[in-house]
1. Order of 21-27, 79-85 by packing, highest average Cβ count within 10 Å first?
2. Taking θ as phi - 60°, what are the ³J(HN,Hα) couplings along segment 48-55 by the Karplus curve (6.51, -1.76, 1.60), each to the nearest whole Hz, with x for Gly and Pro?
Amino acid sequence: MEGSHTVTLYETLFVVHPEKGPRNKEFIERFNKVVEGQEGTIVHVEEWGLRDLAYKIEKQGKGYYTLMRYKATGKAVAELERNLKLTDGILRYLTTRAEEDSPTASPSAPRVYTDEPPRRNYDDRRGYDDRSRGGDRGGDRGGDREREPSA
């Protein structure tokens, strides 16, 4: 059980129901206390604000995003996730282990673009398209069709 006492850097992103948005500060304080109550330390909290969801969750198309970075044990993460799951108004959450030297991925930060062309899909690289594969439709595959006699 040595690994359960190892302090690691984690990031937890949670999304708050838009109607519960005004209580976001209260949620942050509560989750900070959960981490600190398990001998964890909060490194950084970043509120991303009201943003569009990729898909509707509980009939909602928007949610308040908050990113927490903290150093804690696996036990503290489990307790935080238990609290997130039980808190009314949390639509989704995700926890990942973070690298010490990795920056936080703020959605408002400018994106880094490279000169590298975008990746093409497998079919483009091989020179195929749907017609050249023989697909499920069309073409004579020697079924029970009538044929002209061969000479």
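Quick note: the coordinates plus some simple rules give every number you see, no bench work behind them. Predicted, not measured: the structure shown is a model, and the values here were computed from it. Virtual Cβ from ideal backbone geometry, glycine too; neighbours counted across all protein chains shown.
1. Values: 21-27: 14.4, 79-85: 16.3.
The most tightly packed comes first, giving 79-85, 21-27.
2. Going residue by residue, I get 8, x, 6, 9, 6, 8, 5, 8 Hz, with x marking Gly and Pro.
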